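Enquirer: Attaching a single structure in structure tokens format; questions to follow.
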DNA sequence: GAGTGGTCTAGACCACCTG
DNA sequence: AGGTGGTCTAGACCACTCA
């Protein structure tokens, strides 16, 4: 069905018409078209019908696992080190990201994840202590905030931003790379239905790191 | 339904059991669970049942549009410049990526995409001339290979790899950034059901570029 | 071999949106 | 106002895979 070419620039098929033409039920057609819509190949609107998008934006699905699993899946040994941990009033840029009021308290954490002894990721994180008060009692010496939050706050929503920057001198030292070396940065914001939970910046040495998405 | 907590680490619900419990049809339960499986929250296998994943890998969906649209959507003016175009025997690393035989011919293209006059993306591309012979007749002076291929070879599969590198001197010059500046790199491989089509490397100045995925 | 998920059918009601 | 997609039901067959 998805091979067939009635795909000129942007046209309008129908839904139960297709069902008749192919001799299948509308439910099936609906599912097929819905999947095509998810892929971005097709646009659907209630009364207007279904339109074949002219220049579809490729839908790439990434799987972003917990760092430890990511490292172990490459067959490397995982190690974690806590560098800094302090409770503080949220700085302005974090207040904005987490929609916190003036004076809102956060737990700031800086830590490193190693693969086979080499720095794999530098993690900088702010946890909203109003939303996750139990973080106050966790020292994050044995478990990384990444992993702890996945266990503690399941099924949260997230927004990811990917970018590239030149390492600051401190970052270069901590990640054991050349001064000014390229870093792959993942910024993550996480929230539940009621609260914003955490903001994180994850820095990967560019030489090492690749993020892959298939189909 | 997705609020309910029978989410201990990893357990096993049933499918038509759930349908009865919630007083809805199995079709509906199936769809719900299938969507949760797509999100990576749940794992399903035929005989074994459905398991709540303990540390789910976040599924982030990216939309990767045609460069021109990406730029125009930011409200910027788009301009495109062809820098180089030559037919050649595929170098080894491209032969591997495109599964080409020795001596397989490709069309190599180097070009730049500008947003409001500033370099936005440096595109380096190899097109498989066996699979897409019509590329031979296209000069790519008026239209970018990116856009041309989306029009010519619709509905192809793709694999994307994201990484960060330091710009080479040439890249820094072409993109008008500092020497050694960080670049956000998208590598793309594209294939149809029968052929590998193209391999591309897309370089974005790290200072400018961000790639965002929501939920 | 038996039970699970994967997929389909035929029919129905509804919300939305456009013309 | 009417037609579209969105979603649901009740029932069915099949393929896979575990025990």
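Quick note: the coordinates plus some simple rules give every number you see, no bench work behind them. Bear in mind the structure is a predicted one, so any value in this text is a computation, not a measurement. FYI the Cβ positions are ideal-geometry reconstructions off the backbone, even for glycines, and counts take in every protein chain you see.
Enquirer: Once both axes come from the Cα atoms, what is the angle between helix A:26-39 and the longest principal axis of chain A, in degrees from 0 to 90, rounded to 10?
Expert: Value to nearest ten degrees: 40.
Enquirer: Residue A:54 to residue B:72: FRET efficiency via 1/(1 + (r/R0)^6), r the Cβ-Cβ distance, R0 22 Å, to the nearest 0.05? Mind dumping the intermediate values first?
Expert: Details: r = 14 Å, r/R0 = 0.63.
The value I calculate is 0.95.
Enquirer: Given region B:1-103 reduced to its alpha-carbon atoms as identical point scatterers, what log10 I(q)/I(0) does the Debye formula return at q = 0.20, 0.21 Å⁻¹?
Expert: Relative scattering, expressed as log10 I(q)/I(0), comes to -1.03, -1.10.
Enquirer: Name the residue, out of B:38, B:176, B:116, whose mean-square fluctuation peaks in a Gaussian network model built on chain B with Cα pairs under 10 Å.
Expert: Comparing B:38, B:176, B:116 in a Gaussian network model of chain B, the most mobile one is B:38.
Enquirer: Rounded to the nearest Å, what's the spacing between the alpha carbon centres of region A:153-215 and region B:89-142? Just the number, please.
Expert: 31
Enquirer: Determine, for B:105, A:47, the number of other Cβ atoms within 10 Å of each Cβ, and report the residues in order from fewest to most. Don't jump to the answer; show the numbers that get you there.
Expert: On the way: B:105 15, A:47 4.
By the 10 Å Cβ count, ascending, the order reads A:47, B:105.
Enquirer: If you take the alpha carbon radius of gyration of the protein assembly as shown and divide it by 2.2 N^0.38 Å, what ratio comes out, to two decimals? Display every interim value, and only then the final one.
Expert: Values: Rg = 24.0 Å, N = 430, 2.2 N^0.38 = 22.0 Å.
Against the compact-globule rule of thumb, the ratio is 1.09.
Enquirer: Kindly provide the helix-only [θ] at 222 nm of chain B, computed as the sum of -39,500 (n - 2.57) over DSSP H runs of four or more divided by all residues, to the nearest 500 deg cm²/dmol? Can you show the working numbers first?
Expert: On the way: 6 runs with 50 residues, N = 215.
After summing the helix terms and dividing by the residues of chain B, the value is -6500 deg cm²/dmol.
Enquirer: On to the next question. Based on C-alpha coordinates, I'd like the Rg and Dmax of region A:125-198, in Å.
Expert: My reading of the Cα-based Rg and Dmax gives 15.0, 42 Å.
Enquirer: What are the extents of the Cα atoms of chain B along their three principal axes, in Å, largest first?
Expert: Principal-axis extents of the Cα atoms in chain B, largest first: 64, 39, 28 Å.
Enquirer: Place the label 7 angstrom along Cα→C-beta at residue A:12 and in each other copy, then list the distances from the first to the rest in nm, shortest first.
Expert: Its label point is 5.1 nm from the equivalent points in the other copies.
Enquirer: Given the alpha-carbon gyration tensor of region A:170-215, what are the semi-axes of its equivalent ellipsoid in whole angstrom, ordered largest first, with each equal to the square root of 5 times an eigenvalue?
Expert: Working: eigenvalues 144, 56, 6 Å².
Values for region A:170-215, descending: 27, 17, 6 Å.
Enquirer: Note the distances from residue A:47 to each other copy's matching label point, with points 7 Å along the Cα-to-beta-carbon direction, in nm, sorted shortest first.
Expert: 5.4
Enquirer: Additional query: Can you list the copy-to-copy distances for residue A:74, using a point 7 angstrom from Cα toward Cβ, in nanometres, shortest first?
Expert: From this label point to the equivalent ones elsewhere in the assembly: 2.9 nm.
Enquirer: What translational diffusion coefficient, in µm²/s and rounded to a whole number, does the Stokes-Einstein relation yield for region B:85-180 at 20 °C and a viscosity of 1.002 mPa s, taking the hydrodynamic radius as the Kirkwood radius over Cα pairs? It would help to have the intermediate numbers written out before the result.
Expert: Numbers: Rh = 15.1 Å.
Diffusion coefficient, whole number: 142 µm²/s.
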